[in-house]
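Quick notes on the structure that follows.
Rule-based calculations on the coordinates, nothing more; no lab input. Being a predicted model, the structure only gives us computed values, none of them experimental. Glycine also receives a Cβ, built like all others from the backbone with ideal geometry; neighbour counts cover every protein chain displayed.
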Amino acid sequence: MGLTGPSPAFVPLRPGGLCWRSVRTVALGIALVCVAAIAAAAPTYRWIDADGLHYSDQPHPGAEIVTLGETQTYSATPAPAVAAPSERKPKGTRTNEFRYASCAIVQPAADQVLVNVEAVTVAVALQPAKRGSDKLVLSFDGQPIEPARPEQSEFQITPIERGTHFAVAIVRDNTGRDLCQSAPVSFHVRQPSVLAPGRKH
């Protein structure tokens, strides 16, 4: 005997149901995997021209096929710690370097007029006193005069010509380095004229 009765009814799958969402998620995942596989399998072309280096997935005359590996990551190396600057003095500087507070020509006086003299004594004063290893040099009218003795602090200029003269005192150490220099001093010498002995020039 055959079965009698109403035909079974099929209920259509509603897009909003739980089953539909699962099917859609699985399909989307499969599509993404396929796209990634295709992209990985597609060759990459590289070539260089006047504009530089180029990459493309399309063939190009003279291009070479390259295989792109996995993306590399770069981890920055920590910068080395920089030591704080020390308070040491730069090389070449001298600690507690000796200095003369002053050096000056005390004789003759600035712009002094000397009349009818045949010699002039130039005296120099130093503060503090000159060290034994240093020497005092006199520049007289631009010409250096070396001391005859290490302890010398006076220079006698003889004979002295009439006119205006300039003197500068310089203290140097044993290496020839200038340690102190006085201000220039000018003075004037007046002597009787040969043609007119009673007249001073």
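Data for the structure
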quantity: Dimensions (Å) - the stretch 102-190, Cα atoms, principal axes, largest first; calculated: 39, 22, 19
quantity: Burial ordering of I48, I157, fewest other beta-carbon atoms within 10 Å first; calculated: I48, I157
quantity: Contact order relative to length of the stretch 114-184, as percent, for alpha carbon pairs under 8 angstrom and 6 or more apart; calculated: 35
quantity: Where labels lie 7 Å past Cα in the beta-carbon direction, separation of V106 and E161 in nm; calculated: 3.1
quantity: FRET efficiency, 1/(1 + (r/R0)^6) with R0 35 Å, evaluated for E151 and V115 via beta carbons; calculated: 0.65
